[in-house]
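Heads up: the structure comes next, in C-alpha cells.
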Amino acid sequence: MIRFLISILGKNDTRWLLSLSLKHRLYILYFLVSFCSLCITDENSLWVIVLVVLNFGNAARLIMKVPLPESV
C-alpha cells in the first residue's frame, strides 16, 4: 500500500499524507467522495442535486481545516 501511494503521489506527498491525523485523512476522503458524487446528478430530481451540492459545500468547508504540506 505504501509503495502504491509513493508511486502515485511521490515520496514527499506520501510522507505528508501519512503524517496527518485520522480526522484529517477522513476529511480528505470525504471531500473526494463528495467531489465524485457531483458527477452522478444527470437524471436525478432537483432536490437530490441540491443535496449533493450542499454536501460538497460542507466537504469543501472541512477540507480547509487540513494543514497543507510545507512545500506548498
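Bear in mind that the values in this text are calculations on the coordinates, not laboratory data. In this text, all values refer to a predicted model and were calculated from it rather than measured experimentally.
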Check: Quick one: length gained pulling Leu68 to Leu26 fully straight, 0.36 nm per residue minus the C-alpha distance?
Finding: 13.6 nm
Margin query: For the chain, what does the helix formula give at 222 nm: sum of -39500 (n - 2.57) over DSSP H segments with n ≥ 4, over the residue count, nearest 500 deg cm²/dmol?
Written below: -22500 deg cm²/dmol
